[in-house]
Amino acid sequence: MPRTDNARAASGRRRFSPTMVRLVGAVFVLQLLSSAAAIFFLRTQMVEVVRADRVRQVVDVRDDLLAAFYDGGRGELADFILSRRGSAGDPTVFVALTGGDGPPLLSNLDRVPQVAVGPRPVPITVRRSPGGPPSEGMAVAGRLPDGETLVVGVASTSDRRFDLAFATAIGVTTAVAVLLATLSAAVLGLVISRRTHEIAETAAQLASGNFGARLAVDETGDGFDHLRGQINLMAERIDQLVSQLGAVSGALAHDLRSPVTRLSAALERAMARVEEPAALEALEAARADAEALRTMLEAALEVSRLEGGAVQDRRVALDLATLAEDLVELYEPLAEQEGVVLEAELHAAPVLADRELVSRALANLIDNAMKYGGRRIVVSTRMQGGKGVLAVADDGPGIAPEDRARAVERFVRLDNARTRPGGGLGLAMVAAVARLHGGALDLSAGDGGDDGSGGLVATLRLPA
């Protein structure tokens, strides 16, 4: 049967399923982490570049000061520092000369920093003016030939400005990255969801019996395209098998019905000619068996057609309560004759279903209840969980929990039913009707308990 507009609407709602939300979230997190990693790498590289520039600046100033010392001695060095000539004129550069006979020489410093003598600049904290805030910097200390210590460094005031500017850039970049990650994750999720639901919708059509449904193949060579191609091949194979099944079933029905019909006719002619009571009784039993064989054959073929989906779509809007009321009225005389109380508890339950198939399914449930049930049968209808519910409850021996799954299989007859007429196809046919409509058949115990002693409740659930 083809899908309905309600099924399409449900499929549209499933596009925003938890799976899609998790996929979008995963893509978003991955993109955000990749953006954060790129920003962190960029900042690290920029900090290293700035640090290398400062190291080079400190080394250049130190070399200029040493050149002044070697050119003119301490006096030339002191004049270079105090006059802030050359590279020492940069306001971020600070210099200290200590260890001589006089007071230390300071440039852009409040006091002499503690710097260990070494070949490479090291990070330090300095105070450049009295009462001023401490600032970070890099400095290198070296020993002069006359025993004095020369400290050269550069303050990192620009570092703070750089960090502030970079923090602003990180904020803007993060906002853009979040926006782009959200959009790309949503687009990717929608594309994947659309493709997967397209495949799922086609599979649903195949499951409902529309074996002509096919997926469009883009010839892109990706995984989805390969999956579409394989599903189309599978659908073609199923279509061929179902067609062959229909041909075999038709041939089987024709080949078996004719001899069974001829057998029944021959038995009836024989009964008309025979007068001996024992012979008439034997012929009557044979005719009843032939009729049972014909009924079983038709039921088996009908179940095969239902399970194979080879049934025309005849679904219409109907109320299960009205349908059940008609069936209860039809069965009341037979129930009264059998000494069975047949009751109805009907509430409106609108569904979209095949009236003939659902009527036959309900008839099978009532027949089973009268054949294997007790003295009281209740037919009820209601809406539950957005589905129409049609239930038949009896107070008979019921079915044990471990046997309920087998009870709906074809030709399965439980031990307590083997002495009664039937072919084990009643519940199988009801289950096939339920599956054909996208519903389900549930077997449960009555009020007496779940051990099977409280009767049986057969519940047919159909989509509204």
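The values are calculated or read from the model by the stated rules, or taken from the named source; none is laboratory data. Since we're looking at a predicted model, the values are computed, not measured. Cβ sites come from the backbone with ideal geometry, for glycine too, and all protein chains shown count toward neighbours. Protein only, heavy atoms only, side chains kept; ligands, DNA and RNA dropped before computing areas. Shrake-Rupley method; radii C 1.70, N 1.55, O 1.52, S 1.80 Å.
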Exercise for the section: Report yes if some residue within the stretch 97-114 is among the basic types (Lys, Arg), surrounded by 14 or more Cβ atoms within 10 Å (Cβ to Cβ) and not in a helix (DSSP H, G or I); otherwise report no. Expected result: no
Completion exercise
For residue 76, the lone unmet condition from (1) open to solvent by 40 Å² or more (accessible area, probe 1.4 Å); (2) in contact with a Ser or Thr (Cβ under 7 Å, 6 or more places away or on another chain); (3) not in a loop (DSSP other than H, G, I, E, B) is (2)
Practice task
May I ask you to list pairs of residues, at least six apart or on different chains, whose Cβ atoms are under 8 Å apart, with the first in the stretch 325-350 being open to solvent by 80 Å² or more (accessible area, probe 1.4 Å) and the second being aliphatic (A, V, I, L, M) and modelled with pLDDT under 90?
Solution key: 338/370
Completion exercise
Here the qualifying pairs (Cβ atoms under 8 Å; residues six or more apart or on different chains; first in the stretch 83-94 and assigned to a helix (DSSP H, G or I); second open to solvent by 50 Å² or more (accessible area, probe 1.4 Å)) come out as 86/64; 87/57; 87/60; 87/64; 88/64
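Conditions (1) open to solvent by 50 Å² or more (accessible area, probe 1.4 Å); (2) part of a helix (DSSP H, G or I); (3) of a type in the set (A, V, I, L, M); (4) closer than 30 Å to residue 439 by Cβ, marked per residue:
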site: 196; (1), (2), (3), (4): yes, yes, no, yes
site: 199; (1), (2), (3), (4): no, yes, yes, yes
site: 212; (1), (2), (3), (4): yes, no, no, yes
site: 218; (1), (2), (3), (4): yes, no, no, no
site: 221; (1), (2), (3), (4): yes, no, no, no
site: 225; (1), (2), (3), (4): no, yes, no, no
site: 232; (1), (2), (3), (4): no, yes, no, yes
site: 236; (1), (2), (3), (4): yes, yes, no, yes
Handout entry: Tally, over the stretch 115-143, of residues that are part of a loop (DSSP other than H, G, I, E, B) and surrounded by 18 or more Cβ atoms within 10 Å (Cβ to Cβ)
Key = 3
Exercise for the section: State all residues of the stretch 385-404 that are open to solvent by less than 70 Å² (accessible area, probe 1.4 Å) and part of a helix (DSSP H, G or I); if no residue qualifies, say none. Expected result: 401, 403, 404
Problem - Sole residue being at pLDDT below 80, among the hydrophobic types (A, V, I, L, M, F, W, C), surrounded by 15 or more Cβ atoms within 10 Å (Cβ to Cβ) and under 33 Å from the mean Cα position of the chain (by Cα), chosen from 433, 408, 412 - result: 408
Fill in the blank from the handout: Filtering the stretch 301-324 down to residues that are open to solvent by less than 30 Å² (accessible area, probe 1.4 Å), among the aliphatic types (A, V, I, L, M) and modelled with pLDDT under 60 yields 303, 306, 311
Practice task
Sort through 43, 56 and tell me the only one that's at pLDDT 85 or above and open to solvent by 30 Å² or more (accessible area, probe 1.4 Å).
Solution key: 56
Exercise for the section: Report whether or not residue 181 is surrounded by 15 or more Cβ atoms within 10 Å (Cβ to Cβ) and part of a strand (DSSP E or B). Expected result: no
